[in-house]
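So the structure is just underneath, and the comments pick up after that.
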Amino acid sequence: MGLPRNAEAVLEIGNLITKITGLSLPQSRAFIQQLPAALTLELYEPQAFRLGQQLQALAPIRLFPLTY
């Protein structure tokens with residue numbers, strides 16, 4: 001997988017993660033620079049769905065629910 005090829009997409013993905021999850025922008029961008037990687041966030045189901053939908057439009061990405 002790796003980084004999205006388009007530098008603009010990298011910035012847009014970081015902004016999107018921050019907007020939907022509340023994660024800080026520096027943390028979002030650091031995560032993107034480390035792809036492929038995992039990021040564990042506690043999200044409500046609608047948040048996770050929205051994040052997945054919008055991220056898939058920008059990059060090949062998979063979200064997995066964690067059960068406790």
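Of all residue pairs spaced 6 or more apart or on separate chains, those with beta-carbon atoms under 7 Å, a first member in region 4-25 that is in contact (Cβ under 8 Å) with a residue 24 or more places away in the chain and within 11 Å of ALA59 (Cα to Cα) and a second member that is part of a loop (DSSP other than H, G, I, E, B) and among the small types (Gly, Ala, Ser) are PRO4/ALA59; ALA9/ALA59; ILE13/ALA59.
Would you check which residues across region 12-38 are surrounded by 15 or more Cβ atoms within 10 Å (Cβ to Cβ) and out of contact with any Ser or Thr (no Cβ under 7 Å at 6 or more places or on another chain) and list them?
Result: GLU12, ILE13, LEU16, ILE20, THR21, LEU23, ARG29, PHE31, ILE32, LEU35.
Would you mind stating whether LEU55 is of a type in the set (A, V, I, L, M, F, W, C), closer than 15 Å to ALA9 by Cβ, surrounded by 14 or more Cβ atoms within 10 Å (Cβ to Cβ) and modelled with pLDDT of 85 or more? Yes; evaluated as a whole, the condition is true for this residue.
The values are calculated or read from the model by the stated rules, or taken from the named source; none is laboratory data. Small disclaimer: the values here were computed from a predicted structure and weren't measured. Because the Cβ atoms are built from the backbone with ideal geometry, glycine has one as well, and the counts that use them run over all protein chains shown.
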